[in-house]
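The block underneath contains the structure these notes are about, expressed in structure tokens.
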Amino acid sequence: MSIPEGFKGLLFPCECVSARKEHYSDPWAGVAKNRLIVDGTKEKILNLVAQEPRTISQLAKELKIAPPTVHKHINEMLTSELLRDSEEWEKLHPKERYYEPNFPVVWSEDRAEFEEICQKMSEQFVVIFEQARPQFEQAFDKMSLAEKGWEFADLAQYFYTCIQRGARKTLEERGTLPPAKKHRNGVEWVFWAEEPKTNGK
């Protein structure tokens, strides 16, 4: 059962857990909400083609599943625009169709180029957030939630998210960040993937 447009009910932390149709949380939420990679096979396919573009027959062989099954997953991800044809590989192999992710994949060597910048900005934000905590706590004490037994810690992540989303909205309005793009199937999302760090963090 879907929620009608304009419904005035609660907004949950992420639209991906809501039946609402409108986009209101994070730019990648549409991928989860519309279950575009919910199938483990799709995730395996994306991992393989991220390493190197592959054909349906190559994927079927590596995944040990029937080519028609792979074809179905490929078509679904082409429709959702999570996959695209690899033009570079198809020039080398014009008789075959090769597929690759239709979103950037950040490998560890790429991440190393900007990780220090991100870390410094994270540390600056931590200082600002911690300095503002007394103000948040004073504001919280005036809220009805405090009277109902809730504590500041119960809403700390909410305050953080409000700041994060407020900053994103401002940056989008200024043109610094691109807004979520509407894709062929009508779903709005900005998406990426990254190689896990070797220490698991």
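Computed from the coordinates by the stated procedures, all read-outs in this text should not be read as laboratory data. Just so it is clear, the model here is predicted, and its values are computed rather than measured. Backbone-built Cβ (ideal geometry, glycine too); neighbour counts: all protein chains shown.
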Pair A66, K120: separation of 7 Å Cα→Cβ label points (nm): 5.7 nm
In the neighborhood of L63, defined by Cβ-to-Cβ distances under 14 Å, what is the net charge if each Lys or Arg adds +1 and each Asp or Glu adds -1? +3
Which aspartates and glutamates, if any, have their Cα less than 14 Å from the Cα of K42, not counting same-chain residues under 8 positions apart? E62, E76, E81, E100
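Tell me which DSSP H helices of the chain clear both cut-offs, 20 Å or more of axial length from alpha-carbon atoms and a mean Kyte-Doolittle hydropathy of at least 1.0. Display every interim value, and only then the final one.
Working: long enough: 115-141 (37 Å, -0.47); 152-173 (31 Å, -0.42).
Result, helices passing both filters: zero.
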Where both partners of a DSSP beta bridge lie in the chain, what percent of those bridges are antiparallel, to the nearest 5? 75 percent
Could you please state, rounded to a whole Å, how far the C-alpha centre of segment 44-117 is from the C-alpha centre of segment 133-184? 36 Å
Once L177 and E130 are pulled to full extension, the length gained, defined as 0.36 nm per residue separation minus their Cα-Cα distance, is 14.3 nm
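Give me Rg over Rh for the chain, both radii from the alpha carbons and Rh done the Kirkwood way, two decimal places. Mind dumping the intermediate values first?
On the way: Rg = 21.3 Å, Rh = 20.3 Å.
That ratio is 1.05, to two decimals.
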Potential lengthening between A112 and I163 on full extension [0.36 nm per residue; Cα-Cα distance subtracted]: 15.7 nm
At R0 = 22 Å, FRET efficiency that the Cβ-Cβ distance of N102 and E52 yields, to 0.05: 0.90
